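Engineer: Sharing a structure, written as structure tokens. Questions coming.
The values are calculated or read from the model by the stated rules, or taken from the named source; none is laboratory data. What you are looking at is a predicted structure, and each value in this text was computed from that prediction instead of being measured. Cβ placement follows ideal geometry from the backbone for every residue including glycine, while neighbour counts extend to all protein chains displayed.
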């Protein structure tokens with residue numbers, strides 16, 4: 001990835017509904033689906049409240065992600081997030 | 001040097017997440033009574049101060065390191081747990097805990113609180129940043145929350161000072177009450193049972209259930225390692241069994257987190273409103289630019305350049321003033337004390353030594369001012385994020401950024417700043433590599449040799465000349481060499497996976513003057529007291545080596561010369577006498593132990609293009625780099641007062657013979673500068689390394705690798721520069 005994406009590339013008509021956090025698009029709410037078990041990053045993310053079911057938003061993409069959870073912004077390396085799976089927020093009926 | 005916390009009155013621990021205004025609160029409660037010291041036996045600092053409570057009297061406030069949870073991932077956090085449990089040597093048993101939380105991010109802050117409540121301490125919750133929460137439409141029903149949690153909750157806005165008095169009252173009345181029962185917080189029964197089991201029995205590996213929980217949950221953590229140090233393999237196996245008994249598919253950390261956040265959801269159910277949606281904040285807009293791949297980097301470079309420029313230009317007037325003051329002092333002392341070893345000791349040893357330390361205080365204070373401002377306003381976290389990529393390449397992480405940056409002023413506070421790095425290997429590599437960053441003390445060497453030997457030729461128009469470029473190159477040498485050294489260390493001695501990088505980006509805010517100035521004061525004081533005392537001692541030792549053996553024959557010879565000078569007319573007599581004085585100093589120096597050592601090592605430094613004088617000056621600089629200038633001044637008969645701007649010294653250097661007997665030129669100058677860029681010539685840095693890394697082995701390694709690198713570097717530079725014909729006017 002070449003850094004912060006300005007404007008989404010026009011690739012698909014349908015946005016994927018589920019992906020790795022490291023591939024998630026910017027400025028789009030997401031629900032955390034699963035965190036890998038034993039690694040240290042996941043343990044810290046869980047302490048900070050990022051658990052399956054938590055609402056997050058990616059504010060920056062590139063070599064480092066900035067993820068919003070609640071009112072906090074966390075900076076992480078992109079490759080550390082590849083095992084975290086997130087999905088689109090289910091539409092409210 | 002570990003100072004015991006003075007036992008006085010109640011002991012109150014202050015805990016909370018980072019970026020919650022805890023420092024501001026601590027300052028408000030303790031003011032200038034703050035002390036920084038070390039707990040005995042560990043390389044962790046404590047911050048404590050005194051406060052006066054209306055009813056309960058004197059209280060000692062202990063500021064524990066900011067942490068998100070008691071799962072101790074760094075030695076700092078492990079000590080926090082120990083202090084809370086009353087198990088830390090040197091810390092008093094805790095009577096009350098003040099937990100500080102951010103009202104606009106309450107859920108996450110309640111995580112740490114849930115762990116604190118399990119310790120059974122009296123707790124008062126300070127709910128800070130109420131103004132921000134209000135702005136974001138987040139509403140906390142304080143009374144309801146207080147009764148759900150069973151503890152007093154005081155709303156605060158610490159940077160405005162509101163609520164502090166109410167907090168003090170709440171602390172006061174809580175201290176009058178009995179300790180509460182430890183709170184149960186939704187942890188699964190199996191986990192609690194297993195933790196209890198671990199601390200039962202006479203030979204239990206841990207003493208209480210809170211520590212037991214940490215040992216079980218934080219696999220391979222600091223507390224587990226400590227327990228296994230005594231319990232050995234049997235304990236390791238037992239822990240594995242007990243963990244399996246609680247959960248076979250999920251790690252216990254996951255079990256704990258889910259349980260606690262379930263409890264938190266319960267607690268905030270009817271007490272917290274408005275945090276369901278993700279809201280943008282103004283800082284997000286600023287971050288669009290400041291963390292942008294291109295624009296953000298540009299801003300960062302601009303800030304870094306301004307920092308460097310500021311350190312050197314803004315400090316100049318103050319440095320001149322200090323220099324002038326100490327010269328005066330030296331002159332006065334010289335007049336007051338009669339000639340002899342005492343006079344020389346006081347003037348050339350003590351006064352020169354103290355002056356030599358204090359003259360760097362302006363630069364260090366300014367660097368810390370800038371760092372403090374950037375940290376307090378929130379920018380540092382962004383800088384660490386952007387630097388992470390580059391530092392990653394060297395085997396480090398963004399967390400090493402501040403220690404490295406600080407080391408450009410002085411490695412001592414830089415190395416101390418490395419305590420914030422929780423990963424042990426990262427921290428050690430940072431400490432070993434930080435002294436390669438060209439500190440303030442190297443600058444006079446660069447200035448002197450560049451002015452004397454590098455022509456003032458423009459390279460990029462009138463904007464950047466050869467001299468400026470060379471200076472930049474010298475700084476680059478240190479930083480450039482640091483990269484392969486760090487990579488090598490990370491692959492050999494300090495191998496292993498490092499902690500994943502995770503840093504919170506706080507909201508941008510205006511820095512609080514009191515907090516910033518307090519940081520500047522504390523860090524500068526640290527430099528003067530810690531580094532300064534060692535530099536002074538080293539200066540005095542070097543004075544002795546350069547004074548003794550004091551040959552009366554030489555002084556007699558020169559006295560004879562002085563007598564013959566009497567026949568000259570008064571005007572020229574003064575100059576002649578001065579020249580005789582300087583020549584006498586030179587002769588005495590050459591005759592001293594230091595001078596003899598210089599001659600002794602001459603064969604060793606000849607490949608670098610140096611003669612015995614430069615070798616001697618380099619030797620004199622080993623205790624403290626600052627010493628080279630005055631030593632050179634003395635060798636070249638200019639008196640020890642010559643400084644790096646002295647034209648006489650520059651001319652003297654240019655006329656001085658090098659290894660081959662011809663006058664020294666650019667290649668030698670380059671080799672001297674490269675040597676100084678890379679060599680470990682600072683006893684205070686070595687002393688701090690000993691403290692932070694805990695053994696002389698690391699000190700030995702640090703000293704050896706840097707000195708060897710310096711020698712090889714100087715050798716290569718000299719030989720290459722000679723080969724390229726840069727000597728004898730052929731430069732450029």
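Engineer: Let me spell it out: the conditions are (1) surrounded by fewer than 19 Cβ atoms within 10 Å (Cβ to Cβ); (2) closer than 29 Å to residue A:74 by Cβ; (3) in contact with a helix residue (DSSP H, G or I) (Cβ under 9 Å, 6 or more places away or on another chain); (4) more than 14 Å from chain A (Cβ to nearest Cβ), and residue B:134 meets all of them except one. Which number is the exception?
Structural biologist: (4)
Engineer: Just checking, which of B:469, B:369 is more than 14 Å from chain A (Cβ to nearest Cβ) and either buried (at least 24 other Cβ atoms within 10 Å of the Cβ) or without any contact (Cβ under 8 Å) to a residue 40 or more places away in the chain (or both)?
Structural biologist: Every option except B:469 fails the conditions.
Engineer: So, one more: Restricting segment A:38-54 to residues that are within 7 Å of chain B (Cβ to nearest Cβ), out of contact with any strand residue (DSSP E or B) (no Cβ under 6 Å at 6 or more places or on another chain) and outside any loop (DSSP other than H, G, I, E, B), which is farthest from residue A:82 (Cα to Cα)?
Structural biologist: A:47
Engineer: Name the helices (runs of 4 or more DSSP H) wholly within segment B:197-289 that hold at least 3 residues that are away from every other protein chain (no Cβ under 14 Å)?
Structural biologist: Here the list reads B:209-217, B:222-246.
Engineer: Another question about this same structure. Give segment A:26-37 a look and list any residue that's part of a strand (DSSP E or B) and within 8 Å of chain B (Cβ to nearest Cβ), or say none.
Structural biologist: Hit for segment A:26-37 is A:29, nothing else.
Engineer: Follow-up. Can you pull out the residues in segment B:680-724 that are closer than 21 Å to residue B:447 by Cα and free of Cβ contacts under 8 Å to residues at least 60 places away in the same chain?
Structural biologist: Scanning segment B:680-724 gives B:710, B:717, B:721.
Engineer: Okay, moving on. Considering only residues of segment A:2-23 that are surrounded by 11 or more Cβ atoms within 10 Å (Cβ to Cβ), assigned to a loop (DSSP other than H, G, I, E, B) and within 14 Å of chain B (Cβ to nearest Cβ), which is modelled with the highest pLDDT?
Structural biologist: In this case the residue turns out to be A:4.
Engineer: What number of residues within segment B:392-408 are within 12 Å of chain A (Cβ to nearest Cβ) and closer than 26 Å to residue B:527 by Cα?
Structural biologist: Residues in segment B:392-408 being within 12 Å of chain A (Cβ to nearest Cβ) and closer than 26 Å to residue B:527 by Cα: 3 in total.
Engineer: Quick one: how many residues across segment A:55-75 are more than 7 Å from chain B (Cβ to nearest Cβ) and in a loop (DSSP other than H, G, I, E, B)?
Structural biologist: 1
Here is a yes/no grid of residues against (1) touching a residue at least 24 places away in the same chain (Cβ under 8 Å); (2) in contact with a helix residue (DSSP H, G or I) (Cβ under 7 Å, 6 or more places away or on another chain):
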residue	(1), (2)
B:437	yes, yes
B:447	yes, no
B:452	yes, yes
B:473	no, no
B:495	yes, no
B:501	yes, yes
B:511	yes, yes
B:519	yes, yes
B:522	yes, no
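Engineer: Scan segment B:351-396 residue by residue and report those that are modelled with pLDDT under 90 and not in a helix (DSSP H, G or I).
Structural biologist: Within segment B:351-396, B:359, B:360, B:394, B:395, B:396 qualify.
Engineer: Tally up the residues in segment B:311-323 that are at pLDDT 80 or above and within 21 Å of the chain's Cα centre (by Cα), please.
Structural biologist: So the count comes out to 1.
Engineer: For segment B:579-586, indicate whether the set of residues that are assigned to a helix (DSSP H, G or I), without any contact (Cβ under 8 Å) to a residue 24 or more places away in the chain and within 20 Å of residue B:340 (Cβ to Cβ) is non-empty.
Structural biologist: Scanning segment B:579-586 turns up at least one residue that is assigned to a helix (DSSP H, G or I), without any contact (Cβ under 8 Å) to a residue 24 or more places away in the chain and within 20 Å of residue B:340 (Cβ to Cβ).
Engineer: Sort out which residues of segment B:526-549 are more than 30 Å from residue B:45 (Cβ to Cβ) and surrounded by 14 or more Cβ atoms within 10 Å (Cβ to Cβ), and write them in order of number.
Structural biologist: Those that are more than 30 Å from residue B:45 (Cβ to Cβ) and surrounded by 14 or more Cβ atoms within 10 Å (Cβ to Cβ): B:542, B:543, B:544, B:545, B:546, B:547, B:548.
Engineer: Let me ask something else about it. Restricting to helices (runs of 4 or more DSSP H) lying wholly in segment B:15-122: which have 3 or more residues that are modelled with pLDDT under 90?
Structural biologist: Filter on segment B:15-122 gives B:22-30, B:75-84.
Engineer: Quick check: is even one residue across segment A:67-74 within 9 Å of the chain's Cα centre (by Cα) and within 17 Å of residue B:293 (Cα to Cα)?
Structural biologist: The answer is yes, given that some residue of segment A:67-74 is within 9 Å of the chain's Cα centre (by Cα) and within 17 Å of residue B:293 (Cα to Cα).
Engineer: I need a count of the residues in segment B:654-679 that are in contact with a strand residue (DSSP E or B) (Cβ under 9 Å, 6 or more places away or on another chain), touching a residue at least 40 places away in the same chain (Cβ under 8 Å) and surrounded by fewer than 24 Cβ atoms within 10 Å (Cβ to Cβ).
Structural biologist: Number of matching residues: 3.
Engineer: Pick out the one residue from B:411, B:418 that is in contact with a strand residue (DSSP E or B) (Cβ under 8 Å, 6 or more places away or on another chain), under 22 Å from residue B:686 (Cα atoms) and away from chain A (no Cβ under 14 Å).
Structural biologist: B:411
Engineer: Is at least one residue of segment B:160-175 crowded, with 18+ Cβ neighbours inside 10 Å, closer than 18 Å to residue B:269 by Cβ and more than 33 Å from the chain's Cα centre (by Cα)?
Structural biologist: No, that holds for no residue.
Engineer: Kindly indicate the residue of segment A:76-87 that is more than 7 Å from chain B (Cβ to nearest Cβ) and part of a strand (DSSP E or B) and also surrounded by the fewest Cβ atoms within 10 Å (Cβ to Cβ) among those meeting that condition.
Structural biologist: A:87
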